[in-house]
Amino acid sequence: MRQNEAAPGNPLRDSRDRRLPLIAGPCSVVMFGVTGDLARKKLLPAIYDLHNRGLLPPAFGLVGFGRRDWSHDDFADYMRESVEKYARTPFNEHAFEQLRGGLRFVTGAFDDTEAFEELTRVVSELDDSRGTGGNHAFYLSIPPSAFPQVAEQLAQSGLNTPSEHSWRRVVIEKPFGHDLESARELNDIVEKVFKPEEIFRIDHYLGKETVQNLLAFRFANQMFEPVWNSRYVDHVQITMAEDIGIGTRAGYYDGIGTARDVIQNHLLQLLALTAMEEPITFDAAELRNEKEKVLAAVELPEDLAEGTARGQYVGGWQGGEQVNGYLEENGISPDSTTETFAAIKLKVNTRRWAGVPFYLRAGKRLGRRVTEIAIVYKQVPFLPFRDTDTVDLGQNAVVIRVQPDEGVTMRFGSKVPGTQMEVRDVNMDFAYGSTFTEESPEAYERLILDVLRGAPPLFPRQKEVELSWKILDPILEFWDEHMPPAPYRSGTWGPQTAHDMMARDGRTWRRP
Ligand code: BG6
């Protein structure tokens, strides 16, 4: 095993002191799409934060590749600006100067062979001057339509081929296609140039601390797992609500919509982690196998008109401000039928979950920003109280709050103080903020570090991507033909059709 690579086998059982931070070895990252929003707001700040926290080696280089006519210094200034604005750790002049020494920029278009020749020279110069050891990661923060060109150029220039003692990795940002067929085509393109184990598909939800805590919560504790099944659980609700609209992302979002944007990846990943069986180890292969079994066991509602809902926000008030409707947003065509809200009821046909509906909902311009997984329990089979004693009693629930206010809440019935026997719902809270002194790292920090360390467990493999599209494709087709999005006012909790969908099952959405 090379130094600094992730240990194979069960990471919980290796002999390394787990309190020591994980640090990347010598390497460089080549970033395509470096002037995009994601790079500016998340990726470059995450690289700086890793460096500032001492998790990148001095032998580190970062090469931006793009059309701008920039010198290395221009790129460094651009990075500095983005870091000062968006990094989570305080700006440290000395740390930035150290990082700056390894920053390079190559000007070119994605089909510009000469620019890729220059790129080859630059990464090898970094190998010599910074000692990056011939280890290169290529970060494709670009639209999938640009993948074929970049992949071809990387292959043609030989940049994709490692020597015997070095590695190559490629990082791909979503969307991984817009349906099953295009996801396969995309993968074929990338796999012609990189080996499956060199491909890291980013789903930034898997880098979130609370999402990883779901595994600890379920499998490191004795008290939850026995009641984590159809015998006790009535249903599961997974919510990803955003209060923002589409902002300046019309070009990306229109024609994509909520289901492709966040359900195909983030929400189905959350479902898989919530419903999966315990893996034998937290090895990439074991973890992925268990998630894939869940996705393969997912069944759609028989009647998609009743078991799904689709919405589009119209203008309204949010946070004291008047906001535009989706159709009035810049760059959106006034007759767009792209959804900004989606709700889907799914079954997971396994022994553990048969008969338990999983309700997924996601949307923009909803009541507030919150992502949570709620396990809602059945009522007790018999209540030895008078009806009037328990009028305020709901269902027990375990709620994993992914963000914000990361933590876990348990909701259960408790006696109201007094001589009477009145039972009412109460909450018991665990909050990261008040329990741990360390702040959770940003998801991208964790994921970039894992790429550089060669640790794949938090990256979905192609099979998961394909299984997710298999779930979504029939819904998207049905929506296209039969279900235009229903309007909902900004700042509310989605269209009436989403509430009707729950009401038909005698349930209601949680108000997070
Ligand atoms: C991205 C989606 O994957 O996740 C965006 O493309 C969405 O539309 C974003 O806003 C939300 O991420 P987070 O981490 O803020 O929940």
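Readers should treat all values here as calculations from the given coordinates under stated rules, not as data from a laboratory. Given the structure is predicted, the values throughout are model-derived calculations rather than measurements. As a convention, Cβ positions derive from the backbone with ideal geometry for all residues, glycine included, and neighbour counts pool all protein chains shown.
Taking neighbour Cβ counts within 10 Å as the exposure measure, how do His235, His266, His94 sort from fewest upward?
Fewest to most other Cβ atoms nearby, the residues stand as His94, His235, His266.
All other residues with a Cβ under 11 Å from the Cβ of Asp473 taken together, and with Lys, Arg as +1 and Asp, Glu as -1, what is their net charge?
Around Asp473, the charge tally is -3.
Between Leu22, Leu62, Tyr313, whose Cα lies farthest towards the positive end of the dipole of the chain when Lys and Arg beta carbons carry +1 and Asp and Glu beta carbons carry -1, centred on the Cα centre?
Toward the positive end, the furthest listed residue is Leu22.
What does the charge add up to near Asp243, with Lys and Arg as +1, Asp and Glu as -1, over the other residues with Cβ less than 9 Å from its Cβ?
+3
As an exercise, find the ratio Rg/Rh for segment 230-368 from alpha-carbon atoms, using the Kirkwood inverse-distance average for Rh. Please report the intermediate quantities before stating the final value.
Numbers: Rg = 17.4 Å, Rh = 16.6 Å.
In segment 230-368, Rg relative to Rh is 1.05.
Segment 401-422 to segment 447-490: how many Å between their Cα centroids?
Spelled out, the Cα-based centre of one part sits 34 Å from the other.
So if I place +1 on the C-beta of Lys and Arg and -1 on the C-beta of Asp and Glu, and nothing else carries charge, what would the dipole magnitude of segment 64-186 be about its Cα centre? I want it in debye, nearest 20. Spell out each step's value before the answer.
Values: 13 positive and 22 negative charges, 96 e Å.
Computed charge dipole of segment 64-186: roughly 460 debye.
How many angstrom lie between the C-alpha centres of segment 221-287 and segment 319-350?
19 Å
Based solely on its DSSP helices, what 222 nm [θ] is calculated for the chain when runs of n ≥ 4 H residues each add -39,500 (n - 2.57) and the sum is averaged over all residues, nearest 500 deg cm²/dmol?
That comes out to -9500 deg cm²/dmol.
So how far, in whole Å, is the C-alpha centre of segment 183-197 from the one of segment 56-109?
Centre-to-centre distance over Cα atoms comes out at 29 Å.
Hey, could you pull the Cα Rg and Dmax for the chain, both in Å?
Cα-based Rg and Dmax for the chain come out at 24.2, 84 Å.
Looking at the chain only, what percent of DSSP beta bridges run antiparallel? Nearest 5 please.
Approximately 55 percent, going by the DSSP bridge assignments.
What are the semi-axes of the equivalent ellipsoid for segment 160-233, taken as the square roots of 5 times the Cα gyration tensor eigenvalues, largest first, in whole Å?
Details: eigenvalues 251, 68, 23 Å².
In descending order, the three semi-axes are 35, 18, 11 Å.
Would you mind working out the magnitude of the charge dipole of segment 114-231 relative to its Cα centre, with +1 at each Lys and Arg C-beta and -1 at each Asp and Glu C-beta, to the nearest 20 Debye?
620 debye
Please enumerate, by chain and number, the lysines with C-alpha under 22 Å from the C-alpha of Lys192, excluding those fewer than 8 residues away in the same chain.
Within the straight-line cut-off, Lys192 pairs with Lys174, Lys463.
Taking the number of other C-beta atoms within 10 Å as the exposure measure, put Asp69, Asp473 in order starting with the fewest.
Asp69, Asp473
Could you list Glu173, Glu209 in order of exposure, starting from the residue whose Cβ has the fewest other Cβ atoms within 10 Å?
Values: Glu173 21, Glu209 18.
Least crowded to most crowded, the residues run Glu209, Glu173.
Give me the number: length gained by fully extending Met410 to Ser124, i.e. 0.36 nm times residue separation minus the C-alpha to C-alpha distance, one decimal in nm. Before the final figure, lay out the partial values.
Details: separation 286, 0.36 × 286 = 102.96 nm, distance 5.44 nm.
The Met410-Ser124 span can extend by a further 97.5 nm.
Amide H to amide H, which residues 5 or more places from Arg201 or on other chains are under 5 Å from it, using H placed in the peptide plane?
Amide H neighbours of Arg201: Ile172.
Counting other Cβ atoms within 10 Å, keep those with at most 15, restrict to DSSP loop, and tell me which chymotrypsin sites (Phe, Trp or Tyr not before Pro) in segment 382-414 are left.
Hits after loop and neighbour filter: Phe382, Phe385.
Could you give the dipole magnitude of the chain about its Cα centre, charging the beta-carbon of Lys and Arg +1 and that of Asp and Glu -1, in debye to the nearest 20? Mind dumping the intermediate values first?
Values: 59 positive and 76 negative charges, 315 e Å.
Rounded to the nearest 20 debye, it is 1520 debye.
List the lysines whose Cα sits under 24 Å from the Cα of Lys378, skipping any in the same chain fewer than 8 residues away.
Lys345, Lys347, Lys415
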